[in-house]
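Some notes on the structure that comes next.
The values are calculated or read from the model by the stated rules, or taken from the named source; none is laboratory data. This one's a predicted model, so the numbers in the text were calculated from it and none came from an experiment. Please note: Cβ atoms are built from the backbone with ideal geometry, for glycine as well, and neighbour counts cover all protein chains shown.
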Amino acid sequence: MQIKQAMILLGGKGTRLSDLYPDRPKALVPVAGRPFLAWQLEWLFANKVERVLLAAGHMGAQIKAWISRQPYNNRVSVLIEPKPLGTGGAVKYALGRNRKGTVLVLNGDSLVPNLDFKGMEAGHAASGLPGTIAVTRIENAGRYGAVIFDRNGRITRFEEKKKRGAGWINAGIYLLDASIFSAVRPKIFISIENEIFPALAAGGRLGIFKSKPPLLDMGTPEGLRNMESYLRRHMLGKS
């Protein structure tokens, strides 16, 4: 993989898990006996990512302290946003004045164990588009909202959550050209998913990369239970 650094977005408050774990950020919620962030980082390292930037927010000091105690702390940097900036604002803040290159961005509450990182990178480079979203197919796409794309793999629109059957959904992993964020004003709240992506899709500038399921999402108590079950069956002892 040529892109050696990833950025994980950890600014959210994790409100749907706050009743279970009010004393810690979502990234440090235990999953199968370990903080979720440990699973995510070691998954990235296993896929040849060399360095990871954590774009932290809520309870970011806890994340920074935890990283300092890990054996791979020299491969991970923590940047705490000065105020809630949303996913797009967090990327802008982390990039600073950098307007070149491609950044691998991940949501901080999900795993896609079967993602082909090299394939996604090759597909992004071949497309010539400024943004590529990893998508995966699930039976109940309505819970998340569906990603609709044409035969060339260009996203045409995003459907809101509604009752529907199987479909392709956003897996929370993106390859994005830094130039996308040039027009974003510093230190403002802006969402990648709700503002930046729809604008790119409207201009035919956003593509997809299909990944084999599952998508493991620990953003809700049910998702947390499902993720823990999967990790215990398939990944314990392999990291």
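Contact map, segment 21-37: first residue free of Cβ contacts under 8 Å to residues at least 60 places away in the same chain and closer than 12 Å to Ile67 by Cβ, second residue buried (at least 20 other Cβ atoms within 10 Å of the Cβ) and among the small types (Gly, Ala, Ser), Cβ cut-off under 6 Å, separation 6 or more or different chains; the map is empty. Using the structure shown, decide if Ser77 is more than 20 Å from Phe189 (Cα to Cα), polar (S, T, N, Q) and at pLDDT 95 or above. When the stated conditions are applied, Ser77 passes them. The set of residues in segment 214-234 being among the acidic types (Asp, Glu) and buried (at least 21 other Cβ atoms within 10 Å of the Cβ) consists of Asp217 alone.
Taken as a whole, segment 100-113 holds at least one residue that is in contact with a His (Cβ under 9 Å, 6 or more places away or on another chain) and not in a loop (DSSP other than H, G, I, E, B). Among residues of segment 109-157 being over 24 Å from Leu54 (Cα atoms) and among the charged types (D, E, K, R), the one that is surrounded by the fewest Cβ atoms within 10 Å (Cβ to Cβ) is Arg151. Within segment 158-199, the residues that satisfy the criterion of being farther than 17 Å from Arg143 by Cβ, surrounded by fewer than 21 Cβ atoms within 10 Å (Cβ to Cβ) and touching a Pro at 6+ places or on another chain (Cβ under 8 Å) are Asp177, Ser179, Lys187, Phe189. Can you tell me how many residues within segment 77-100 are closer than 15 Å to Ala61 by Cβ and touching a strand residue (DSSP E or B) at 6+ places or on another chain (Cβ under 9 Å)? Count: 5.
Ile180: closer than 24 Å to Thr132 by Cβ and either touching a Phe, Trp or Tyr at 6+ places or on another chain (Cβ under 8 Å) or at pLDDT below 90 (or both), yes or no? Judged against the criteria, Ile180 is not a match. No other residue among Ala122, Ala126, Ala134 is within 19 Å of Ile155 (Cβ to Cβ) and part of a strand (DSSP E or B) apart from Ala134.
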